[in-house]
Amino acid sequence: MAKQIVFNHNARSRMMRGINKLAQAVEVTLGASGPSVVIQHRTDGVGPVVTRDGVTVAQAITLPDIIEDVGARMLRDVAGAVSRAAGDGTTTSIVLARSLARGCEKSMVAGANPVDLKKGMELAVECLSNEMRRTAIRTQDRDIFRKVCRSASKEDDSVADLLIDAIEAVGNDGVVSFELGYTHDDELEITDGSRFAQGYLSSYFNTDKERNLAELDQPYILLYDREVTDFMDLVPLLENAQDQRRPLLVIAENITEEALAPLLLNHVRGNFKVVAVKPPGFGDGRSERLLDLAIMTGGRACLEVQGDTLEKMTLADLGQAQRVVVSAESTLIIGCRGDAQRIEDRIAQLTLDADRIRARKPGEGSPTGNRHDLENLEERIAFLRSKTAVYRVGGLNDMTIKERMVRVENAYNSVRAAMDEGVMAGGGVGLLHIRRALDRLRFDNADLRRGVEIVEEALYEPLRCIAHNAGMNPESVLAKVLMHDDGVYGYDVAARTYGSLLEAGILDPVKVARLALQNAAGIVSTVMTTEAIVCQEPVLKRFPNTAQIAEWAAATREDPRAP
């Protein structure tokens, strides 16, 4: 297939146009007064998506110009990385990235060395990250977390109390999952549940395409410690589960391509409802984790050491749960049907094993091995004990519920991030005031200094954007905030007043702000050091007569019979 190659400034400038277009669409959602963005649904006849979430807007944008779309895709990657790591701060990361990219472009046009600019930016970001950690407000105050939650949910008071209740109910090791509700008000349900870090083996298992989740209600659970090589080995269990009108979750060491393909085909066609994942743990520890799961779900693990085979397994041997939610990275099992006494006995045995390791004297066993074994046991105990809160998001209609659901999930992730690394003043003020830490960086190299200045200039952008979205003059707001040196004085866009943002409850998790800045600088470094882009030549450009496209597609299609 023919390729086009774009070089040097032409490549960077076209990528910059894509960055500007995407950032302009996303930045309007920043702040409590940030308006919504309406996104046309990809399916005809389905209502549009209304959102105030930056990553949702970014992922919906594909630009017609291929080179511009490369720049936009880089910003989408920034938002996606921050969303996966912190769950919030996606719009801030895009605003920062656009400002950094603009500064780099201007400097490189003036003749700056991109390598030195990149190094200066990296040193500045490292300095700011350390400063954020040092000055973070660390607390376990429920009221502080409630304020973080309220700020992240765009001042939605009905969310804060329920979310804090959910987090307190499940504890630090618990999980809060979110569902679309059926009533006007939000609802919270606390159930037993556990999550482990293994996602579905294929995205075709998805049942919710918008959220990239596979959801199973009242599933049977197969626990298998070997590789499934033949689809026919699973058919009896699949048929029996289908007769009961219940789905099947397959937790197996692996499923080969020969077995996975027909499994996916039957799932997509609706013959069976099934999802396949790998078990938690690694190596020899996986068998023990499968036994933990068997006790939790009230089933029996099919283990090679016991001489078990899939042919011997029946529905009575399978575990059961109220609900299972599988994403690309994790599996959440809610409402396990195991015997409570057996679970407590298992926890007691694991606790005893952990106490024995703690009681070992110095020199008894490998220190690294002891620590690894202890961490593994503690993880298994938390897995067996954990609870799950199911938060059902309510609203007047489906469009409202879906828009609120994104904000509720962002608020939850913000609270968890605040628990991890503390909080700082929000509203763009916290980022603005940590710029003083950059005064400690002194370089003789002008391009290194310019890299630091680019990062410092970017720290002003979130506050400018928030003020603009609130209908204020950004420069006027910025000037009034800079007149105070206490680091928490800012503009409350909801109350339309100036004052202490800590007292007003406008707080940002340090983890979210740190990751937004780090990811933004990382992707911009890639953009400014780009000297050539190789991409596909548009089909319409090669075939002005659209009738030729079908002929070209047929001529280049691979033969499905080929080995």
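What's the whole-number percent of alpha carbon pairs in the stretch 357-495 lying beyond 20 angstrom? That tail contains 71 percent of the Cα-Cα pairs. Net charge in the neighbourhood of residue 329 (other residues with Cβ under 14 Å of its Cβ; Lys, Arg +1, Asp, Glu -1) is +4.
Give the Kirkwood hydrodynamic radius (Å, one decimal) of the stretch 1-58, defined as one over the mean of 1/r across all pairs of different Cα atoms.
This gives a value of 13.8 Å.
For the stretch 48-63, 3J(HN,Hα) computed residue by residue from phi via the Karplus equation (6.51, -1.76, 1.60; θ = phi - 60°) reads x, 9, 10, 9, 10, 9, x, 5, 5, 5, 4, 6, 8, 9, 10, 8 Hz, glycine and proline entered as x. Would you please classify the overall shape of the stretch 196-338 from the alpha carbon gyration tensor, given that a ≥ b ≥ c denote the square roots of the eigenvalues, rounded means a/c under 1.5, and beyond that prolate means a/b larger than b/c while oblate covers the rest? The shape class here is rounded.
Could you tally the net charge around residue 410, taking each other residue with its Cβ under 10 Å from the Cβ of residue 410, Lys/Arg +1 and Asp/Glu -1?
Charge balance in the 10 Å sphere: 0.
Taking the centroid of alpha carbons for each part, the stretch 71-142 and the stretch 440-454 are 16 Å apart. According to the calculation over all Cα-Cα pairs in the stretch 461-526, the P(r) per 10 Å bin from zero is 19, 44, 30, 7, 0 %.
If you take every residue apart from residue 69 with its C-beta less than 11 Å away from the C-beta of residue 69, what net charge results, scoring Lys and Arg +1 and Asp and Glu -1?
Overall, the nearby charge balance is +3.
Spin-label model, residue 17 to residue 475: label points 7 Å out along the Cα-to-beta-carbon direction sit 2.9 nm apart.
Each residue of the stretch 294-303 was assigned a 3J(HN,Hα) from its phi angle through the Karplus expression (A = 6.51, B = -1.76, C = 1.60, θ = phi - 60°), giving 4, 5, 5, 9, x, x, 10, 6, 8, 10 Hz with x at Gly and Pro.
Look at where the Cα atoms of the stretch 1-57 and of the stretch 252-276 average out, and the two centres are 35 Å apart. Exposed loop sites here mean GluC sites (Glu not before Pro) with a DSSP loop assignment and at most 13 other beta-carbon atoms within 10 Å; the chain contains its longest site-free run at 1-209.
For residue 119, the aspartates and glutamates whose Cα falls under 18 Å of its own Cα, not counting residues fewer than eight places away in the same chain, are 105, 439, 444, 447, 453, 456, 457, 531. Between residue 339 and residue 134, the C-beta separation translates, for a Förster distance of 51 Å, into a calculated FRET efficiency of about 0.55. Averaging the sequence gap over all C-alpha pairs within less than 8 Å and six or more residues apart, then dividing by the number of residues, gives the chain a relative contact order of 26 percent. Of the beta bridges in the stretch 196-338, as assigned by DSSP with both residues counted there, near 55 percent are antiparallel. Beta bridges assigned by DSSP with both partners in the chain are antiparallel in approximately 70 percent of cases. Ratio of Rg to Rh for the chain: 1.00 [Cα atoms; Kirkwood radius as inverse mean 1/r over pairs].
Computed from the Cα positions only, the extents of the stretch 135-228 along the three principal axes stand at 50, 35, 25 Å, in decreasing order.
Rounded if a/c is under 1.5, else prolate if a/b is larger than b/c, else oblate: which is the stretch 1-140, with a ≥ b ≥ c the root eigenvalues of its Cα gyration tensor? Since a/c reaches 1.5 but b/c is at least a/b, the shape of the stretch 1-140 is classed as oblate. Across the stretch 124-140, computed HN-Hα scalar couplings (Karplus, 6.51 cos²θ - 1.76 cosθ + 1.60, θ = phi - 60°) run 5, 5, 4, 5, 5, 4, 5, 5, 4, 5, 5, 9, 4, 8, 9, 7, 10 Hz from first to last residue, x flagging Gly and Pro.
Taken together, the values in this text are just the output of simple stated rules run on the coordinates, not laboratory data. If you're wondering where the values come from, they're calculated on a predicted model, not measured in any experiment. Note that each Cβ is placed from the backbone with ideal geometry, even for glycine, and that neighbours are counted across all protein chains shown.
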